[in-house]
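The values are calculated or read from the model by the stated rules, or taken from the named source; none is laboratory data. All figures in this text were calculated on a predicted structure; none of them were measured in a lab. Cβ sites come from the backbone with ideal geometry, for glycine too, and all protein chains shown count toward neighbours.
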């Protein structure tokens, strides 16, 4: 099982890196707005998790004789999820702290402008203070890394649960025949 976890987890991590780079280039070239960037970001996080499905299916069909319990499928899926989760946390943390250190400030500026239009002055001042505190926390390497682990890990757990339900299959017993 360890080979399968590393193989499909590695595929997911590599796909994560490729989609992250392509997304970064796409956003940099097209200058889409922040809402679209958020949507694209979640697609970038979720798309490599397709390898969880393929890893569980491979384990079921090639290693486990075509059957797998829900719990075993969940175990395989969660182990596969660990690799792209850590990979994305590293990639994203390096990006926002070293490649684009103003990433969170840019998002904060956009959010502040949106809240300026929607909130009364007293609520707006409190919201700006809250946003600035969030930016300061997100620029902390440990907080950022742990936040990405929790975000991608939670999404990966949901994907692993769904794949485990879809792929579970009871063993098919063949009736014993008596040679009389």
Does the range 96-108 contain at least one residue that is more than 23 Å from residue 147 (Cβ to Cβ), surrounded by fewer than 19 Cβ atoms within 10 Å (Cβ to Cβ) and free of Cβ contacts under 8 Å to residues at least 12 places away in the same chain? no
Only one of (1) at pLDDT below 95; (2) in a helix (DSSP H, G or I) is not met by residue 171, so which one is it? (2)
Taking the range 47-70 on its own, how many of its residues are in contact (Cβ under 8 Å) with a residue 60 or more places away in the chain and either closer than 17 Å to residue 170 by Cβ or not assigned by TED's automatic domain parsing to the domain that holds residue 14 (or both)? 10
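Residues checked against (1) loosely packed, with under 12 Cβ neighbours inside 10 Å; (2) modelled with pLDDT of 90 or more; (3) over 22 Å from residue 20 (Cα atoms):
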position	(1), (2), (3)
91	no, yes, no
117	yes, no, yes
121	yes, no, yes
128	no, yes, yes
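Determine whether residue 10 is at pLDDT below 90 and either within 23 Å of residue 157 (Cα to Cα) or in contact with a strand residue (DSSP E or B) (Cβ under 6 Å, 6 or more places away or on another chain) (or both). Reasoning before the result, please.
On the way: at pLDDT below 90: no; either within 23 Å of residue 157 (Cα to Cα) or in contact with a strand residue (DSSP E or B) (Cβ under 6 Å, 6 or more places away or on another chain) (or both): yes.
Here the answer is no, as residue 10 does not meet what is asked.
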Of (1) in a helix (DSSP H, G or I); (2) in contact with a strand residue (DSSP E or B) (Cβ under 8 Å, 6 or more places away or on another chain); (3) surrounded by fewer than 15 Cβ atoms within 10 Å (Cβ to Cβ), residue 61 fails just (2)
